[in-house]
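Structure record follows, encoded as structure tokens.
The values are calculated or read from the model by the stated rules, or taken from the named source; none is laboratory data. Bear in mind the structure is a predicted one, so any value in this text is a computation, not a measurement. When we count neighbours, we look across all protein chains shown, and the Cβ atoms used for this are built from the backbone with ideal geometry, even at glycine. Areas reflect the complete protein model, heavy atoms only, side chains present, ligands, DNA and RNA absent. Shrake-Rupley method; radii C 1.70, N 1.55, O 1.52, S 1.80 Å.
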Amino acid sequence: MADFWQSSGYHLLRKRADGRLVVTDDFLRFYYSRPELAPVAESCAAERALHASLMQDPRRNVAGAEIDAVADPDARENYRVMMRFRGRLLAAETLEAFYFDLFREDVAVPPAFIHHTAQVILRSILDGSEDGLEARAAELFFRKQRVSINDGAIMLADDETVEMHASTGGFGNLGRLLKEGRAAPRAVELDILDEASAGRYFERDERHDTVLSINHGRPGCLALARVLERWIAHFHGVRASVKPVREIPDEEWTWHIGLDAEATALLNEIYSGGEVGEERMKRVIGLFRVDFRDSIVMRPEMAGAPVFLGLAAAPDGTLRMKPQNLLLNLPLAQRA
């Protein structure tokens, strides 16, 4: 069985019989060990004492005066943010309930924490999967992608990895020194993941250095469709079939959901009869059709009708997927 994303802290959570995840003390310690909170050489005695006490008793109440006593203003703010985050985590019955409520109630949580929560939930959803394409496709849910369209081929690479290679040639600080010294670092090629090489993903899952092709009907596109199915099933408890499509037929277009900000704006504009230019239309990189196996789970007026999903690159050529749109915007009779 493939194990992946070990640094996510997934193994520190408790999984209930229904598949939902429960926060543990060790998972809280995992957060306290993040760079934002872990003491450094310059940390004052009050900061060190606060951190040590939380590592010993992760759920203990923290008085405002304890945070105020921390000398570094950034550290003080980080602890305030963490305590608010912890409060929401512990108030929710499960990690999934916490994640859902973030968007239902518009709770202010650092984006990095939101993306990490999505990653951990996806790690649970994909537990037992041996398909590296599915794991790579799942990265779209929590990591920004760089979109490349060449000769019709739609390729997605991790935006942070692309930035690193562009600035350092993949050599980190050494690459920066080489660049500043006008020595060109060696170019690093990112490997395209396909069916034959999918298993290799698990050898490098934390490196985020593989490229996913999501052209219509390609293995990467189909893998993304399967992950979308599992995401919907996990949160809503309903079975749905997600299939890629080339276009949305006018006669069937009654409900759509953009999976990112650009797709949402674009689909809304087309649906309302607006004119969308050819260049902007080229930014559409994926369309999917969702059919629910049992029409009774849908709103009566939508029973039996398909739901269409869209993905589109932003003007800067990136993709930041918003998986929460599938939590809030599906036309279901009731949400699990």
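Using a Gaussian network for the chain with springs between C-alpha atoms less than 10 Å apart, which of these wobbles most: Ser295, Ser167, Ser213?
The residue that fluctuates most here is Ser167.
Which residues' amide hydrogens lie under 5 Å from the amide hydrogen of Phe308, considering only partners 5 or more residues apart or on another chain, with H built in the peptide plane?
Placed amide hydrogens put Trp255, His256, Ile257, Val290 under 5 Å from Phe308.
Suppose accessible area is computed on protein heavy atoms with a 1.4 Å probe; arrange Glu160, Glu77 from highest to lowest. Walk me through the numbers before you get to the answer.
Details: Glu160 125, Glu77 80 Å².
The residues order as Glu160, Glu77, largest area first.
Please give the peptides 78-89, 307-318 ranked by average Cβ packing (other Cβ atoms within 10 Å per residue), highest first, as a rough proxy for protection. Intermediate values should be presented prior to the final figure.
On the way: 78-89: 17.0, 307-318: 18.6.
Per-residue Cβ counts within 10 Å, averaged per peptide and sorted highest first, yield 307-318, 78-89.
Computing the accessible area with a 1.4 Å probe over protein heavy atoms, can you report the carbon and sulfur percentage for the chain? The partial results should precede the final answer.
Details: 8170 of 16410 Å².
That share works out to 50 percent.
When you take every Cα atom in segment 1-140, what is the radius of gyration, and what is Dmax, the widest Cα pair distance, in Å?
Considering segment 1-140 through its Cα atoms, Rg and Dmax are 16.3, 50 Å.
What angle do you read, to the nearest 10 degrees and between 0 and 90, between the alpha-carbon axis of helix 219-236 and the longest principal axis of the chain?
70
Could the peptides 193-199, 221-227 be put in order, highest first, of the mean number of other beta-carbon atoms found within 10 Å of their residues?
On the way: 193-199: 15.4, 221-227: 22.4.
Order by mean packing, descending: 221-227, 193-199.
Quick check on the chain: what are the equivalent-ellipsoid semi-axes from the Cα gyration tensor, as sqrt(5λ), descending, whole Å?
On the way: eigenvalues 254, 155, 73 Å².
Taking √(5λ) for each Cα gyration eigenvalue gives 36, 28, 19 Å.
Compare the peptides 27-40, 55-68 by average per-residue count of other Cβ atoms within 10 angstrom and give them in order, highest first. Intermediate values should be presented prior to the final figure.
Numbers: 27-40: 15.4, 55-68: 11.9.
The packing order, highest mean first, is 27-40, 55-68.
Ignoring everything except DSSP H segments at least 4 long, calculate the 222 nm mean residue ellipticity for the chain; use -39,500 (n - 2.57) per segment, divide by total residues, nearest 500.
Details: 13 runs with 132 residues, N = 336.
Mean residue ellipticity at 222 nm (helix-derived): -11500 deg cm²/dmol.
Under a crude label model (7 Å from the Cα following the beta-carbon direction), how far is Ala261 from Ile149 in nanometres?
Reported label-point gap for Ala261 and Ile149 is 2.0 nm.
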